[in-house]
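The values are calculated or read from the model by the stated rules, or taken from the named source; none is laboratory data. Just so it is clear, the model here is predicted, and its values are computed rather than measured. We place every Cβ from the backbone using ideal geometry, glycine too, and count neighbours over all the protein chains shown.
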Amino acid sequence: MRIKDDKEMEAHVVDGNSTEAGHVIVTTIGGKNGQPKQTISYMAERAVGQGSFGVVFQAKCLETGETVAIKKVLQDKRYKNRELQTMRLLDHPNVVTLKHCFFSTTEKDELYLNLVLEFVPETVHRVIRHYSKMNQRMPLIYVKLYSYQILRSLAYIHNCVGVSHRDIKPQNLLVNPHTHQLKLCDFGSAKVLVKGEPNISYICSRYYRAPELIFGATEYTSAIDIWSAGCVLWRTICLGQPPLFPARVE
């Protein structure tokens, strides 16, 4: 059986919200604009990320055996989810792919958005830690390869989609350990920056935050992502060293 990847498919609501290993979530995609309906079952395997946004867990599609990542975030029923809207626009080899999405509810009537994403097992953060623990420098070919792919992904989202990521850091750069293909992920802070419109300055992770953000600027450009990418490059070259600007400015 082949599951059709379609980011425009209607997001269905299912009961249940557990991410415990072994828990099975059954949802339906399709049934819109003449598309046939397909039932898909996902078995949660393990949590791979957690934060104020929610949780990301690794799951397996029982129909196909495919491993996916599911990002589950609490959804305010009054608003549309900007991350979902952004990801539906994205299609690039260096950006993580959104396969489809669905909503789930709890006994307390809380609504959660579940983004079903392609699964990429490693991150630049973990690669840096690996070489640091081995007391070795990252091979220059990998530094060049990762840097190129980071900047390629930013050129795409900035120039083709018009979106700024606003949280570039090693943890948000996924890496296939076999092919070394890199994919940008986590568009929870992403936004279209409109000239003249204010934005929050408390954005981006501390060690990768551009100077204008540190000084409280509310009008800025996608250049903040380029600054963050430069800080990531520093970390890949200078393994074991502290972040480029570790000062506690907050």
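Take the stretch 195-207 and flag every residue that is within 24 Å of PHE53 (Cβ to Cβ) and either at pLDDT 95 or above or not in a helix (DSSP H, G or I) (or both). Walk me through it before giving the result.
Filtering the stretch 195-207 for residues within 24 Å of PHE53 (Cβ to Cβ) gives 197-207.
Of everything in the stretch 195-207, those that are within 24 Å of PHE53 (Cβ to Cβ) and either at pLDDT 95 or above or not in a helix (DSSP H, G or I) (or both) turn out to be GLU197, PRO198, ASN199, ILE200, SER201, TYR202, ILE203, CYS204, SER205.
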Could you please find all residues in the stretch 98-118 being surrounded by 19 or more Cβ atoms within 10 Å (Cβ to Cβ) and either closer than 30 Å to ILE237 by Cα or without any contact (Cβ under 8 Å) to a residue 12 or more places away in the chain (or both)?
LEU117
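Every residue, every condition in (1) closer than 27 Å to ARG166 by Cα; (2) in a loop (DSSP other than H, G, I, E, B); (3) at pLDDT below 90, yes or no:
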{"residue": "MET1", "(1), (2), (3)": "no, yes, yes"}
{"residue": "LYS4", "(1), (2), (3)": "no, yes, yes"}
{"residue": "THR39", "(1), (2), (3)": "no, no, yes"}
{"residue": "VAL48", "(1), (2), (3)": "yes, no, no"}
{"residue": "VAL55", "(1), (2), (3)": "yes, no, no"}
{"residue": "ALA59", "(1), (2), (3)": "no, no, no"}
{"residue": "LYS80", "(1), (2), (3)": "yes, yes, yes"}
{"residue": "GLN85", "(1), (2), (3)": "yes, no, no"}
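Rundown of residues vs (1) outside the structural domain of GLY54 (by the TED database); (2) not β-branched (Val, Ile, Thr), yes/no style:
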{"site": "TYR79", "(1), (2)": "no, yes"}
{"site": "MET87", "(1), (2)": "no, yes"}
{"site": "SER104", "(1), (2)": "no, yes"}
{"site": "ILE141", "(1), (2)": "yes, no"}
{"site": "GLN149", "(1), (2)": "yes, yes"}
{"site": "LEU154", "(1), (2)": "yes, yes"}
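Given the criterion over 21 Å from ARG129 (Cα atoms), basic (Lys, Arg) and surrounded by fewer than 23 Cβ atoms within 10 Å (Cβ to Cβ), identify the matching residue among LYS195, LYS183, LYS144. Show your work before the answer.
Details: LYS183 fails: over 21 Å from ARG129 (Cα atoms); LYS144 fails: over 21 Å from ARG129 (Cα atoms).
Selected residue: LYS195, the only one of LYS195, LYS183, LYS144 that is over 21 Å from ARG129 (Cα atoms), basic (Lys, Arg) and surrounded by fewer than 23 Cβ atoms within 10 Å (Cβ to Cβ).
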Across the stretch 63-97, what is the total count of residues that are free of Cβ contacts under 8 Å to residues at least 60 places away in the same chain and surrounded by fewer than 16 Cβ atoms within 10 Å (Cβ to Cβ)?
10
Hey, could you check the stretch 203-226 for residues that are aromatic (Phe, Trp, Tyr) and surrounded by 12 or more Cβ atoms within 10 Å (Cβ to Cβ) and say which is farthest from VAL73 (Cα to Cα)?
TYR220
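Might you let me know whether the stretch 114-123 holds any residue that is hydrophobic (A, V, I, L, M, F, W, C), in a loop (DSSP other than H, G, I, E, B) and under 13 Å from the mean Cα position of the chain (by Cα)? First the steps, then the outcome.
Of the residues in the stretch 114-123, the ones hydrophobic (A, V, I, L, M, F, W, C) are 115-117, 119-120.
Applying the additional criterion that residues be in a loop (DSSP other than H, G, I, E, B) yields 119-120.
Now drop any that are not under 13 Å from the mean Cα position of the chain (by Cα), which leaves 119-120.
Within the stretch 114-123, one or more residues are hydrophobic (A, V, I, L, M, F, W, C), in a loop (DSSP other than H, G, I, E, B) and under 13 Å from the mean Cα position of the chain (by Cα).
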